[in-house]
């Protein structure tokens, strides 16, 4: 098995150099050439009019309908649900490139050997428990009969690899040791518990039916065991402890079996327990998963989001089930999910409902009882408010907090309208509360992201290095900054265009005629990046839009370190918001009509007169920023004391003078010098 860290950068570069994005995407999407680009119907959302563009020259794709964008690896990860390394391996096979693995250090080899040992013993255990279930007398009498009493068919039992651990002190441990597995690896997986004070060892899951937990690719990571005895002190379910291969907060039970059905249906059902998942699959609802013995986590939500943004949460209709559903809502909406809810009658769950009424009745109930999550939450909490004004104010605030997490503006507006009606308050009142909650959420997200990046920079290098590593290691969780920027408006056109120039033409050289020291004319060349970066630095100007500023800062760092702008770094970014923003800027969303071309009508291209474009773009950007700064100072004058008024007036005069100088010098040649004005 290959891991990302084992593929050397030279091999990765060979793969990326060989991959032709139009060929790769053409394997999955019908594309037609249009100008320099290729166009087709987007595979990520339903559309009749093509809005999915592929640019061979830039190696990127962009859908102007749903916003999906990225490079060839991003496409494979999204379309085929591959990890980063799986996408590289797919490309390597397509282009007949042998993947070279770098030489591991002794520490890396030891670490890899240990991980492999954990995988091997977990898979060994699953086969052993399954064999006991089917072929051991006690396994059949206790384990298999339990599953059959729950209404599970033999096929579904085999599909999920269910098993049984004998109710003996160390039956499995002894068997594993005889087969060459060490005490250390058994203890690290949690399959065996060792008592330090007595030196004794025993099976963690003895006397339990076994539910193996699989990775997305189908490897056994851990187990959940259900006790069958009536001992009150025994926990009903026991799960494997966290290890190097198993982390319950990052895993969903049943995802391996459900992933294809989720992608096909465009919806995921989220239930509470393992048996609920299996029962739903048996009833034909295969797009179902459950959290592994823990409350729903952000990491688990992001796993679902790889396949669909649509989640329907199924919970018991009792008070505990309702509370569990309410706890999940904010996390789901914060990750941009579209959430609905199905509550079963009190005392029922998906498994018991299917047992009582059958598969067809279960599917019908799911289709007819879906409810909007936020509206449900509002109605449930409203029941406890009555005429208490304090409780009602708290409910309005709570509802506003949930609505503020919805990233789609139209969807958010509709929630405001409907919830305002339920709460008997004006839409403006609730809308203001939502705006306030959204502001607080953005500030909190920014502070958390800043702290996180500072901690990473302290422990693992600069912030730029941290971001670069995250792109290479395929961390499935996006940066917290994605949550922050999801609510941002579009950048001002002047900022957008300058950043586009950096990404598309940053390394292009622009010849300019200047006066030399001897008074004679001479030709010098600067790159587009040199000109833009130097001009903005000389005037100490920054972008208002955070994404524009982030790209500018990273381009400036690239220019300082290597004098080369690597636009692909942004398209490959682990931050989905930044990746989509960069790809959108780099992708031309128009092409010259064939009719125009046939008539000999040609539109000048941006690169045909770069110097003029840079000059005018910088002038527009600086003029707008300075005018904005003047307006801000004039606003502050209204409430400033006498001392601060003098300072503000001096700044206004200074900025105004610079604007006049710029207007006079608008047509001079721009060069990266500090004595422009």
Inset, instruction - Please find, among 53, 82, 95, the residue that is modelled with pLDDT of 80 or more and under 25 Å from the mean Cα position of the chain (by Cα). - result: 53
Inset, instruction - Can you tell me which residue within the range 248-292, out of those that are part of a loop (DSSP other than H, G, I, E, B), in contact (Cβ under 8 Å) with a residue 40 or more places away in the chain and within 23 Å of the chain's Cα centre (by Cα), is surrounded by the fewest Cβ atoms within 10 Å (Cβ to Cβ)? - result: 266
Inset, instruction - Kindly indicate whether residue 522 is outside any helix (DSSP H, G or I) and surrounded by fewer than 19 Cβ atoms within 10 Å (Cβ to Cβ). - result: yes
Inset, instruction - Given the conditions (1) closer than 28 Å to residue 266 by Cβ; (2) under 24 Å from the mean Cα position of the chain (by Cα); (3) surrounded by 15 or more Cβ atoms within 10 Å (Cβ to Cβ), report the number of the one that residue 22 does not fulfil. - result: (2)
Inset, instruction - Collect the residues in the range 353-364 that are buried (at least 18 other Cβ atoms within 10 Å of the Cβ) and either at positive phi or without any contact (Cβ under 8 Å) to a residue 24 or more places away in the chain (or both), keeping them in residue-number order. - result: 353
Inset, instruction - Might you check whether a residue that is closer than 24 Å to residue 355 by Cα and buried (at least 23 other Cβ atoms within 10 Å of the Cβ) occurs anywhere in the range 293-305? - result: no
Inset, instruction - Can you run down the residue pairs with Cβ atoms below 6 Å, 6 or more apart or on separate chains, where the first is in the range 391-405 and outside the structural domain of residue 418 (by TED's automatic domain parsing) and within 18 Å of residue 373 (Cβ to Cβ) and the partner is at pLDDT 85 or above and not in a loop (DSSP other than H, G, I, E, B)? - result: none
Legend entry - Single unsatisfied condition, residue 175 versus (1) surrounded by fewer than 16 Cβ atoms within 10 Å (Cβ to Cβ); (2) touching a residue at least 40 places away in the same chain (Cβ under 8 Å): (1)
Legend entry - Out of 406, 342, sole residue that is touching a helix residue (DSSP H, G or I) at 6+ places or on another chain (Cβ under 8 Å), within 28 Å of residue 284 (Cα to Cα) and surrounded by 13 or more Cβ atoms within 10 Å (Cβ to Cβ): 342
Inset, instruction - Would you check if residue 139 is in contact with a helix residue (DSSP H, G or I) (Cβ under 7 Å, 6 or more places away or on another chain) and either surrounded by fewer than 21 Cβ atoms within 10 Å (Cβ to Cβ) or not in a helix (DSSP H, G or I) (or both)? - result: no
Legend entry - Candidates 430, 381, 422, filtered to the one that is at pLDDT below 85, not assigned by TED's automatic domain parsing to the domain that holds residue 336 and not in a loop (DSSP other than H, G, I, E, B): 381
Inset, instruction - Inspect all residues belonging to the range 147-163 and state whether any of them is part of a strand (DSSP E or B), surrounded by 14 or more Cβ atoms within 10 Å (Cβ to Cβ) and modelled with pLDDT of 95 or more. - result: yes
Inset, instruction - Looking at (1) more than 22 Å from residue 288 (Cα to Cα); (2) touching a strand residue (DSSP E or B) at 6+ places or on another chain (Cβ under 8 Å); (3) modelled with pLDDT under 95, find the lone condition where residue 172 falls short. - result: (3)
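The values are calculated or read from the model by the stated rules, or taken from the named source; none is laboratory data. Values in this document were obtained by computation on a predicted structure and should not be read as measured data. Every residue, glycine as well, gets a Cβ built from its backbone with ideal geometry; the counts of neighbours run over all protein chains shown.
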